[in-house]
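The values are calculated or read from the model by the stated rules, or taken from the named source; none is laboratory data. Being a predicted model, the structure only gives us computed values, none of them experimental. Positions of Cβ are backbone-derived with ideal geometry, glycine not excepted, and every protein chain shown enters the neighbour counts. Ligands, DNA and RNA are stripped out before the accessible areas are found, and what is left, the full protein with its side chains, is counted by its heavy atoms. Shrake-Rupley method; radii C 1.70, N 1.55, O 1.52, S 1.80 Å.
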Amino acid sequence: MAHLLSVQTRITLRKQGNFINPTASTALRTALREYSSDDGTEYLHKSIVPTMHYQKSLPRLPVPKLEDTIRRYLAAQKPLLKEDQYSTTEKLAQSFQNGVGKQLHEELVNQDKNNKHTSYISAPWFDMYLSARDSVVLNFIPFMSFNPDPKPEYNDQLLRATNMVCSAVRFMKTLRAGLLEPEVFHLNPAKSDTDSFKKLIRWVPSSISWFGAYMVNAYPLDMSQYFRLFNSTRIPKPKRDELYTNDKVRHLLVMRKGNMYVFDAVDRDGNLVKPAEIHAHMKYILSDTASAPAFPLGVLTSENRDVWAGLRQKLVAAGNAEVLGLVDSALFCLCLDEEVMRDHIHISHNMLHGDGLNRWYDKSFSIILAKDGQAAINFEHSWGDGVAVLRFQNEVFKDSTEKPLVGPGSQPAAVDSASAVRRLEFKLDAALESGIAKAKESFTAAVSKLKIDAVQFMKGGKNQLKKKKLSPDAIAQLSFQMGYLRQYGQTVATYESCSTAAFKHGRTETIRPATIHTKRCVEAFVQQPGKHSVDQLLGLLNECSKYHGQLTKEAAMGQGFDRHLFAMRYLANTKGMALPDIYHDPAYAAINHNILSTSTLTSPAVSLGGFAPVVPDGFGVGYGVHDDWIGCNVSSYPARNVHEFLQCVHKSLEDIFTVIEGKPIS
């Protein structure tokens, strides 16, 4: 689940992830969003409509009908099971529907009616993340890298770090002042994304404002996760971690060579510290000759959560409570790395996990800047699904590249950075030093197994697919099904996450891209291409596209089956009930062992994104379907051959586009 980066790109609100972008400079010219600018340095813009104007009136996430959930569950199981296995699973599912499932469903519905301030999935989902004891690294931390600044001289590490910190603080101030434009998906922007509509809707009471937007085909999205962006961290505790936020503090956490520094980025009046002063503090940190610590504390955040919880208690007992408090409460973490990035594979590894020494993985998010100015965000997943992170990334990129507050000619302020910047010192005993050494060993062992590879298909993309009335996402997903069948000869559990941010406290729902339609289609393409005419193969592509579109719409409207079944299982556990038989079915375990875990993202700010596989024998598939090309950035562990998988995906895309062009497969 490490990659549930669900962000809004269209009303299907599909889940996002990785791609390679050779046309970054062109993409910059495409609109991120046009806002009225603030003339000063305090705010990104001043929205006519208050940030949280729609939050109160957002519709509630529906609990699906039990019979719909069971029907959808069985449809998703069909392509994965042999007939006798399917027959067993069908009986267990029907028995659940007519028996204990009915009782659990009714209780869930009643519980939901009594908690109208939230969604039925919110508390169980937080609990799932915070109770997980695995390391957050590779399991719950994805990354998204920034495109380079289009002005090459601004990609200097010092300049870019300063400008990004200034833009990040401006974003935070805009958000907290209620001046950040609300997150709205516009189906008809000519009507709804206009000053005249905004001036009207701002006067509609917030208790009914959502309905006003809905009347003009605009869909406001949940923004409840945004407050966790800043001054937040995940604190390790035995059995279940806690989320901590302290919005009263003003300092930034900076890491370099494993050393940790803090300085105020906001002054006592709540204003952004002068950019020239931030510039000076950054220069001071980058010039610090202090050597890397023998026992870098950051690596502890990569440990098993119970192990880390125990070591954190030892840290506090050793007299480190005050410095840990500074780390936990910092605005965010800025990681200044010493390495120059060689290529996109190096970027993926560095931004996803790095060397473990120059990171504090528990922070809600970190901005990472390599020596050559390559930048990325990685974020801890428990507090949110990436909607807020991508919005933040888009805004910071736009602001720092279009309105940089320092440039190549800027002089850092003549201030006493030695007094303003504090390098944090920790008191360590032998047990803590041993714990750090063991954490480093565990980290190195884990990340050394991860392989990442990428491919670009340059023979077609969104434009060609849309001309043929085929869903670009459906075709990309089909190529993964086809590639896997070509490589391993089978159809397996596949996960594509879909945001349910159109609902109050919505999180995600799962799209299940492996279907009876994709199975029929990939077998025809891979195993029997000569037995089908081009028109027949095109017909199979159309079937896949239509059905995938239906699944996507259902998921976006909270009408999948995964979250509903998960919530009922969670309810049974909290009641101390014996787990119903459906959950003991090997087929239930298999469909939740997601060998193909997939995520898509296209944004003018983002060039690459990545996440690790969610199971040891899986692939973490990030992809982007662009106008004329398709990019995939994929990870795996030794159980799978990622290079060969990508070759099979590329061949599958070649075959699909050959058929789309009306030619037979060679």
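Structure notes:
- Options Gln456, Gln477, Gln487, Gln481; residue that is among the polar types (S, T, N, Q) and either within 18 Å of His349 (Cβ to Cβ) or open to solvent by 50 Å² or more (accessible area, probe 1.4 Å) (or both): Gln456
- Among residues of the stretch 72-96 being among the basic types (Lys, Arg) and either open to solvent by less than 10 Å² (accessible area, probe 1.4 Å) or part of a helix (DSSP H, G or I) (or both), the one that is farthest from Asn110 (Cα to Cα) is Lys78.
- Filtered residues of the stretch 422-435 (kept if surrounded by 20 or more Cβ atoms within 10 Å (Cβ to Cβ) and either under 30 Å from Val266 (Cβ atoms) or of a type in the set (A, V, I, L, M) (or both)): Leu432
- Verdict on Leu108 being under 30 Å from Lys449 (Cβ atoms) and among the aliphatic types (A, V, I, L, M): no
- Some residue of the stretch 646-663 being open to solvent by less than 10 Å² (accessible area, probe 1.4 Å), modelled with pLDDT of 95 or more, under 30 Å from Ile70 (Cβ atoms) and not basic (Lys, Arg): no
- Of the listed requirements (1) out of contact with any Leu (no Cβ under 6 Å at 6 or more places or on another chain); (2) not in a helix (DSSP H, G or I); (3) not aromatic (Phe, Trp, Tyr), Thr69 misses just one: (2).
- Taking the stretch 462-472 as the range and being open to solvent by 10 Å² or more (accessible area, probe 1.4 Å) and either among the hydroxyl-bearing types (Ser, Thr, Tyr) or closer than 11 Å to His548 by Cβ (or both) as the test, the residues that pass are Ser471, Pro472.
- For the stretch 141-170, filtering for residues that are out of contact with any Lys or Arg (no Cβ under 7 Å at 6 or more places or on another chain) and over 19 Å from His281 (Cβ atoms) leaves 13.
- Hits in the stretch 148-174 - residues which are closer than 20 Å to Gln225 by Cα and charged (D, E, K, R): Arg170, Lys173
- Output for the stretch 473-498, where each listed residue is assigned to a helix (DSSP H, G or I) and charged (D, E, K, R): Asp473, Arg486
- For the stretch 136-152, the condition of being exposed (fewer than 15 other Cβ atoms within 10 Å of the Cβ) and under 29 Å from Gly384 (Cα atoms) holds for none of the residues.
- Matching residues in the stretch 359-403 - criterion: being open to solvent by 10 Å² or more (accessible area, probe 1.4 Å) and either touching a Gly at 6+ places or on another chain (Cβ under 6 Å) or over 24 Å from Glu183 (Cα atoms) (or both): Lys371, Asp372, Gln374
- Here is the figure for the stretch 115-131: residues that are farther than 15 Å from Leu571 by Cα and open to solvent by 20 Å² or more (accessible area, probe 1.4 Å) total 4.
- Number of positions in the stretch 598-654 that are among the aliphatic types (A, V, I, L, M), under 23 Å from Phe525 (Cα atoms) and touching a Ser or Thr at 6+ places or on another chain (Cβ under 6 Å): 4
- Looking only at the stretch 338-358, and only at residues there that are without any contact (Cβ under 8 Å) to a residue 60 or more places away in the chain and not aliphatic (A, V, I, L, M), the one that is most open to solvent (accessible area, probe 1.4 Å): Arg342
- Any hit, the stretch 57-65, residues being open to solvent by 40 Å² or more (accessible area, probe 1.4 Å) and assigned to a helix (DSSP H, G or I): no
- Residue check for Leu551: buried (at least 18 other Cβ atoms within 10 Å of the Cβ), over 24 Å from the mean Cα position of the chain (by Cα) and aliphatic (A, V, I, L, M): no
- Residue that is nearest to the chain's Cα centre (by Cα), among those in the stretch 404-421 that are in a loop (DSSP other than H, G, I, E, B) and loosely packed, with under 13 Cβ neighbours inside 10 Å: Pro408
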